[in-house]
Amino acid sequence: MEAFRFVTVWKIEAPLPPVWEAMFRFEDWPTWWKGVERVEVLQPGDANRIGFRSRQTWKSKLPYKLRFEGEIVRVSAMSLLEVHSQGELQGTGLMRFSNDGSSTTFQYDWEVSTSKSWMNLVAPVAKPLFSWNHDVIMDWGAEGLARKLGCKRVSTSKTAVF
């Protein structure tokens, strides 16, 4: 399996609580995030959503979709979410939130491997293309979140480490 590590940072001109709430509610992502085609809740989790499991289908700029299950394994309210994924993407996502007055910074560290054989076959030469595709999907998310919250996305930065 091919491994990828992506770091995406969004700076959103909005207070922390609505940004946290929007990101915390995975099942609502398809309503505002263009790249998220479907989120099916499999397990609601506890009162803090630890154990929340969903089956997600993501579409991309390139002509393919990825399907995987995600589970929230750690929550620190208004600060951190850790998600483990299984399926066509296997790995860990760490979402961090911070606020500096009127803006919220959201950082997503995503360390995953692909289990799709065709992706693994072409990955040695296609990793830059997969990285670009990931960036497009994350931009769709930042734009959708800003629209949902009626605010301005201040900036986005991305890093891919192979």
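The values are calculated or read from the model by the stated rules, or taken from the named source; none is laboratory data. Since the model is a prediction, treat every value here as computed from it, not as a measurement. Counting neighbours? That spans all protein chains shown, and the Cβs are built from the backbone with ideal geometry, glycine included.
When region 35-48 is filtered for residues that are buried (at least 16 other Cβ atoms within 10 Å of the Cβ) and either farther than 19 Å from Gln90 by Cα or touching a Cys at 6+ places or on another chain (Cβ under 6 Å) (or both), only Gly45 remains. Screening Glu21 with (1) without any contact (Cβ under 8 Å) to a residue 12 or more places away in the chain; (2) more than 17 Å from the chain's Cα centre (by Cα); (3) under 14 Å from Cys151 (Cβ atoms) gives one miss only, at (2).
Counting only residues that are closer than 23 Å to Ser115 by Cβ, hydrophobic (A, V, I, L, M, F, W, C) and in contact with a Lys or Arg (Cβ under 8 Å, 6 or more places away or on another chain), which one in region 1-34 is surrounded by the fewest Cβ atoms within 10 Å (Cβ to Cβ)? Here the residue is Val7. Test Ser79 against the stated conditions and say whether it is touching a residue at least 24 places away in the same chain (Cβ under 8 Å), touching a strand residue (DSSP E or B) at 6+ places or on another chain (Cβ under 9 Å) and more than 16 Å from Ala142 (Cα to Cα). For Ser79, the condition - touching a residue at least 24 places away in the same chain (Cβ under 8 Å), touching a strand residue (DSSP E or B) at 6+ places or on another chain (Cβ under 9 Å) and more than 16 Å from Ala142 (Cα to Cα) - is not met. Condition test on Glu69, is it closer than 18 Å to Trp33 by Cα, in contact (Cβ under 8 Å) with a residue 12 or more places away in the chain, surrounded by 18 or more Cβ atoms within 10 Å (Cβ to Cβ) and acidic (Asp, Glu)? For Glu69, the condition - closer than 18 Å to Trp33 by Cα, in contact (Cβ under 8 Å) with a residue 12 or more places away in the chain, surrounded by 18 or more Cβ atoms within 10 Å (Cβ to Cβ) and acidic (Asp, Glu) - is met.
Just so you know, in region 128-145 the residues that are more than 15 Å from Glu88 (Cβ to Cβ), buried (at least 16 other Cβ atoms within 10 Å of the Cβ) and not hydrophobic (A, V, I, L, M, F, W, C) include one that is nearest to the chain's Cα centre (by Cα), and it is Gly141. Scanning region 95-121 for residues that are in contact with an Asp or Glu (Cβ under 8 Å, 6 or more places away or on another chain), closer than 23 Å to Arg25 by Cβ, among the charged types (D, E, K, R) and buried (at least 16 other Cβ atoms within 10 Å of the Cβ) yields a total of 0. Residue under question is Met95, and the condition is that it be within 18 Å of Val36 (Cα to Cα) and at pLDDT 95 or above; does it hold? For Met95, the condition - within 18 Å of Val36 (Cα to Cα) and at pLDDT 95 or above - is met.
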